[in-house]
1. Just to check your reading of the model, which residue among Ser28, Ser41 is modelled with pLDDT of 85 or more and under 14 Å from the mean Cα position of the chain (by Cα)?
2. In the range 34-57, what residues are surrounded by 12 or more Cβ atoms within 10 Å (Cβ to Cβ) and farther than 19 Å from Gly24 by Cβ?
3. Do we have Leu10 as of a type in the set (A, V, I, L, M), outside the structural domain of Asp98 (by TED's automatic domain parsing), part of a loop (DSSP other than H, G, I, E, B) and surrounded by 14 or more Cβ atoms within 10 Å (Cβ to Cβ) here?
4. Restrict the check to the range 14-23 and report whether at least one residue is modelled with pLDDT under 80 and among the basic types (Lys, Arg).
Amino acid sequence: MSRHLCTVDLHKAFLPASSIRYTGLALSEVSPVQISHDSVSHWLRATRQTPNMVWNEASKFIDKKSSCLLICDDTRLAKKHSQKIELVGDQYSGAEDDVVAGIG
């Protein structure tokens, strides 16, 4: 039995359903079970997702006849002093332990 509230099935259901926000906080806000964003982060750290596992799930949603790129990244670029960059939005930063203006 898993000690984490987040599961592969929950995470798999969340990713294609979310069109903008893919964060642990976003998952915790829409989850059918009460779960904190920290629980999602701990689960992601404890669960080793190999590139092959990601591809097996993502490939179902990719038109393989067209040229495309699949980019996977969870980096947050803090932009504290930026007010005119279109991509900047409010996001939780684990490094800052707060919501910051950033790209990610």
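1. When all the criteria are applied, what remains is Ser28.
2. Scanning the range 34-57 gives a single hit, Trp55.
3. no
4. yes
The values are calculated or read from the model by the stated rules, or taken from the named source; none is laboratory data. Keep in mind that what you see is a predicted model, and the values were worked out from it rather than measured. Neighbour counts run over all protein chains shown; Cβ positions are idealised from the backbone, glycine included.
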